[in-house]
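**Q** Take a look at the following structure, please.
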Amino acid sequence: MGFPANGGSASDRPLKFLIYGRTGWIGGLLGRLCESQSIDYAYGSGRLQDRASLEADIAAAQPTHVFNAAGVTGRPNVDWCESHKVETIRTNVVGTLTLADVCRERGLIVINYATGCIFEYDAGHPLGSGVGFKEEDTPNFVGSFYSKTKAMVEELLKNYENVCTLRVRMPISSDLSNPRNFITKITRYEKVVNIPNSMTILDELLPISIEMAKRNLTGIWNFTNPGVVSHNEILEMYREYIDPNFTWKNFTLEEQAKVIVAPRSNNELDTTKLNGEFPELLPIKESLIRYVFKPNQKTGGA
């Protein structure tokens, strides 16, 4: 095959990225990152589940790497997937597998932005213990149809040696006006739960995903910052740096269950593997301050 062993250096050929998910949050950010790094790129126009359209995209773009940031998360949230199961399968399962398969035939690595919302705290990984789920652990959260499809496709993708699966969780960016931003979401909720979770600071981690493509890394990676942060800790930072008058109310998981259709995943992911490859990766709370709150600071703050 055309793709080298895991961690092999890129060929001498100039980089050319083919990106799926042009209209999505991560897909849009990837294009901007490519521009800032002077990396040639194109957006795929084909539907992931349409094999011929993917083949046409690849023939036209002649990429060195393919990035999949397309997928169904549901609007306004994953509860949508509970009542649109076939549409969810079509993109998240059939589409993702088709892209991986087409790329494998052509010796192309796929950087696949997946999810870490396929685990929940359990007896072996108790909340607050610091024991996180590892890349090789079997998903234990099937509370939502969205998570169920994501766990299914991750298991199948293990058989594709050309795929780099990045388990993203509760993504956050410095763009606090974006409704997909976890911080923006929880500042707008009437009430929030307060549970420590692993999360992904996109401003720090998306450039790392580009570097992973350059290094031709494959396999499953927990793609979050090290450690956990709770809803209240984030909102306390928001009050400190952004709005000193901000207030919020908490409620329990049991109370939350009454206003959502599907349960939500809460977990800590072990980032030892990612940290080994990228030792400069900041712990979650430090990353939040450096990449999100300091650039947006409106108060006297710390």
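**Q** Just wondering, is there one or more residues in region 99-113 that are touching a Ser or Thr at 6+ places or on another chain (Cβ under 7 Å) and either β-branched (Val, Ile, Thr) or open to solvent by 20 Å² or more (accessible area, probe 1.4 Å) (or both)? So that I can check it myself, show each step before the final result.
**A** Keep residues of region 99-113 that are touching a Ser or Thr at 6+ places or on another chain (Cβ under 7 Å), which gives 109, 111-112.
From the residues that got through so far, the ones that are either β-branched (Val, Ile, Thr) or open to solvent by 20 Å² or more (accessible area, probe 1.4 Å) (or both) too are 109, 111.
Checked region 99-113: at least one residue is touching a Ser or Thr at 6+ places or on another chain (Cβ under 7 Å) and either β-branched (Val, Ile, Thr) or open to solvent by 20 Å² or more (accessible area, probe 1.4 Å) (or both).
**Q** Still on this model: In region 160-202, what residues are aliphatic (A, V, I, L, M), over 28 Å from residue 64 (Cβ atoms) and buried (at least 21 other Cβ atoms within 10 Å of the Cβ)?
**A** So in region 160-202, the residues aliphatic (A, V, I, L, M) come out as 163, 166, 168, 170, 172, 176, 183, 186, 192-193, 195, 199, 201-202.
Okay, now just the ones that are also over 28 Å from residue 64 (Cβ atoms), so 170, 172, 176, 183, 186, 192-193, 195, 199.
Those that are aliphatic (A, V, I, L, M), over 28 Å from residue 64 (Cβ atoms) and buried (at least 21 other Cβ atoms within 10 Å of the Cβ): 170, 172, 183, 199.
**Q** Looking at region 225-246 only, could you name the residues that are outside any helix (DSSP H, G or I), under 16 Å from residue 188 (Cα atoms) and of a type in the set (A, V, I, L, M, F, W, C)?
**A** Answer for region 225-246, where residues must be outside any helix (DSSP H, G or I), under 16 Å from residue 188 (Cα atoms) and of a type in the set (A, V, I, L, M, F, W, C): 242, 246.
**Q** Further question: Which number in (1) closer than 22 Å to residue 138 by Cβ; (2) in contact with a strand residue (DSSP E or B) (Cβ under 6 Å, 6 or more places away or on another chain); (3) in a loop (DSSP other than H, G, I, E, B) marks the one condition that residue 264 misses?
**A** The failed condition is (2).
**Q** When region 175-197 is examined, which residues are found to be assigned to a helix (DSSP H, G or I), over 18 Å from residue 266 (Cα atoms) and without any contact (Cβ under 8 Å) to a residue 60 or more places away in the chain? Don't jump to the end; show me each part of the working.
**A** Keep residues of region 175-197 that are assigned to a helix (DSSP H, G or I), which gives 182-188.
If we keep only those that are over 18 Å from residue 266 (Cα atoms) as well, we get 184, 187-188.
Within region 175-197, 184, 188 meet the criteria.
**Q** Filter region 8-24 for residues that are at pLDDT below 95, within 26 Å of residue 273 (Cα to Cα) and either within 21 Å of the chain's Cα centre (by Cα) or of a type in the set (A, V, I, L, M, F, W, C) (or both) and give the result.
**A** If the condition is that a residue be at pLDDT below 95, within 26 Å of residue 273 (Cα to Cα) and either within 21 Å of the chain's Cα centre (by Cα) or of a type in the set (A, V, I, L, M, F, W, C) (or both), then 10 is the only one that fits.
**Q** With respect to residue 87, is the statement that it is closer than 21 Å to residue 13 by Cβ, open to solvent by 30 Å² or more (accessible area, probe 1.4 Å) and free of Cβ contacts under 8 Å to residues at least 40 places away in the same chain true?
**A** On the way: closer than 21 Å to residue 13 by Cβ: no; open to solvent by 30 Å² or more (accessible area, probe 1.4 Å): yes; free of Cβ contacts under 8 Å to residues at least 40 places away in the same chain: yes.
No: the conditions fail for residue 87.
**Q** Quick check: is even one residue across region 37-52 modelled with pLDDT under 95, surrounded by fewer than 16 Cβ atoms within 10 Å (Cβ to Cβ) and at positive phi?
**A** Looking through region 37-52, none of the residues is modelled with pLDDT under 95, surrounded by fewer than 16 Cβ atoms within 10 Å (Cβ to Cβ) and at positive phi.
**Q** What number of residues within region 141-159 satisfy the criterion of being open to solvent by less than 50 Å² (accessible area, probe 1.4 Å) and either touching a residue at least 60 places away in the same chain (Cβ under 8 Å) or of a type in the set (S, T, N, Q) (or both)?
**A** First, pick out the residues of region 141-159 that are open to solvent by less than 50 Å² (accessible area, probe 1.4 Å): 141, 143-147, 149-151, 153-154, 157.
Cutting the leftovers down to either touching a residue at least 60 places away in the same chain (Cβ under 8 Å) or of a type in the set (S, T, N, Q) (or both) gives us 141, 143-147, 149, 153-154, 157.
Here the count works out to 10.
**Q** Another question about this same structure. Evaluate the following for residue 209: is it at pLDDT below 95 and open to solvent by less than 60 Å² (accessible area, probe 1.4 Å)?
**A** Working: at pLDDT below 95: no; open to solvent by less than 60 Å² (accessible area, probe 1.4 Å): yes.
The answer is no for residue 209.
**Q** Of the numbered conditions (1) of a type in the set (Ser, Thr, Tyr); (2) over 16 Å from residue 168 (Cα atoms); (3) in contact with a Pro (Cβ under 7 Å, 6 or more places away or on another chain), residue 252 satisfies every one except a single condition; which is it?
**A** Failing condition for residue 252: (3).
**Q** Go through region 267-292 and report how many residues are part of a helix (DSSP H, G or I) and either farther than 24 Å from residue 140 by Cα or polar (S, T, N, Q) (or both). First the steps, then the outcome.
**A** Our first condition is that a residue be part of a helix (DSSP H, G or I); within region 267-292, this holds for 272-277, 284-292.
Right, trim to either farther than 24 Å from residue 140 by Cα or polar (S, T, N, Q) (or both) and you get 272, 275-277, 285-292.
Result for region 267-292: 12.
Table: residues versus (1) under 19 Å from residue 169 (Cβ atoms); (2) among the acidic types (Asp, Glu); (3) part of a helix (DSSP H, G or I).
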| residue | (1), (2), (3) |
| --- | --- |
| 89 | no, no, yes |
| 131 | yes, no, no |
| 146 | yes, no, yes |
| 150 | yes, no, yes |
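The values are calculated or read from the model by the stated rules, or taken from the named source; none is laboratory data. Just so we're clear, the structure is a prediction, and the values are computed from it rather than from any experiment. A quick note on method: Cβ atoms are made from the backbone with ideal geometry, for glycine too, and the neighbour counts reach across all protein chains shown. Protein only, heavy atoms only, side chains kept; ligands, DNA and RNA dropped before computing areas. Shrake-Rupley method; radii C 1.70, N 1.55, O 1.52, S 1.80 Å.
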